[in-house]
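A short write-up of the structure that comes next.
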Amino acid sequence: MQSLKDKIIKEGRIVDGKILKVDSFLNHQLDVKLFEEMGREFAKRFEGQGINKIITIETSGIAIATAVAPAFDYCPVVFAKKHQSLNLDAEVYQSSVYSFTKQVSYQIKIAKKYLNEKDRVLIIDDFLANGKAVEALEDIIRQAGATLVGVGIAIEKGFQDGGKLLRNSGIHLESLAIVELLEEDGTIVFKDEQNDL
Ligand code: 5GP
């Protein structure tokens, strides 16, 4: 999606060689207009697939998923919780996510009453790196007996393995910008649009 790529080029910063910092529009300050455009793009790419629920993971995924939901007929958005909370039901599906950046595993949870076998689910997230967050969400969707229709990602880091792993396992993955290289001089290189599959 060209407008997202333009925004990344204009405002994205590279940290430690492999982290793309996009705090000005995606991870801290939020560009809701851009998110809504992303929603319309996902709706085109997943058209006619009967998606009735969007699943994401706190924190940054929530903002994007919320702005994407109107393009899917205002379907419910459910976010997996990372933190123990008194508000969370005792009956939960849970799975473990390994974070390469923090080198720790943490549990994510979704209350059983918000996901069931009738659901046709689209996973939405801000970044795809090694794919561990998406794999854990996929695991929870499987536990619930729901159907995973596809995965919609704002920014995929093509130089990490997540995209390859998910596509090889047959998942319909759509990434709106695929970053192929983060160069030392600060240049951000995208994968060819034609190969943006
Ligand atoms: P994965 O589970 O695919 O390895 O990592 C996905 C999660 O890590 C994303 O939801 C995002 O929060 C975080 N992440 C991974 N790489 C980056 C990055 O380059 N920039 C930012 N802002 N977040 C990242």
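Data for the structure
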| quantity | calculated |
| --- | --- |
| Solvent-accessible area per residue, Å², over the chain with all protein chains present [probe radius 1.4 Å] | 51 |
| Unit charges on C-beta of K, R, D, E only; dipole of the chain, Debye | 540 |
| Only Lys, Arg (+1) and Asp, Glu (-1) charged, at Cβ; segment 140-197 dipole about Cα centre in debye | 520 |
| Cβ-derived FRET efficiency at R0 41 Å, Y106 paired with D192, nearest 0.05 | 0.70 |
| Longest DSSP-loop-exposure-free segment, chymotrypsin sites (Phe, Trp or Tyr not before Pro), the chain, at most 15 other Cβ within 10 Å | 1-73 |
| Top of S105, S175, S95 by mean-square fluctuation, Gaussian network on the chain, Cα under 10 Å | S105 |
| Descending semi-axes in Å of segment 124-197, equivalent ellipsoid built from Cα gyration tensor | 25, 12, 9 |
| Per-residue HN-Hα couplings for segment 50-60 [Karplus 6.51, -1.76, 1.60; θ = phi - 60°; Hz; x = Gly/Pro] | x, 5, 10, 7, 10, 10, 9, 9, 6, 9, 5 |
| P(r), alpha carbons of the chain - 10 Å bins starting at zero, rounded % | 9, 37, 38, 14, 2 |
| Extreme residue, positive dipole direction of the chain, given options V22, G163, A133 (C-beta unit charges) | A133 |
| From phi via Karplus (6.51, -1.76, 1.60), per-residue ³J(HN,Hα) for segment 44-49 in Hz, x at Gly/Pro | 5, 6, 10, 4, x, 9 |
| At 1.567 mPa s and 4 °C, Stokes D of segment 73-179 from Kirkwood alpha-carbon radius, µm² per second | 90 |
| Segment 56-197, accessible surface, carbon-and-sulfur percent (1.4 angstrom probe) | 48 |
| Fraction of the pair-distance distribution of segment 1-110 above 25 Å, Cα-Cα pairs, percent | 35 |
| Candidates L165, L137, L148, ranked by Gaussian network fluctuation over the chain, Cα under 10 Å, top entry | L165 |
| Under the Karplus curve 6.51 cos²θ - 1.76 cosθ + 1.60, θ = phi - 60°, whole-Hz ³J(HN,Hα) for segment 157-164, x wherever Gly or Pro sits | 8, x, 8, 10, 8, x, x, 4 |
| Structure-based [θ]222 nm, the chain - -39500 (n - 2.57) summed over DSSP H runs of at least 4, per residue, nearest 500 | -8000 deg cm²/dmol |
| Virtual spin-label span in nm between R40 and F159, 7 Å along Cα→Cβ | 3.3 |
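The values are calculated or read from the model by the stated rules, or taken from the named source; none is laboratory data. Computed from a predicted model, the values in this text were never measured in an experiment. Glycine gets a Cβ as well: all are built from the backbone with ideal geometry, and neighbour counts include every protein chain shown. These area figures cover heavy atoms from the full protein model, side chains too; ligands, DNA and RNA do not enter into them. Shrake-Rupley method; radii C 1.70, N 1.55, O 1.52, S 1.80 Å.
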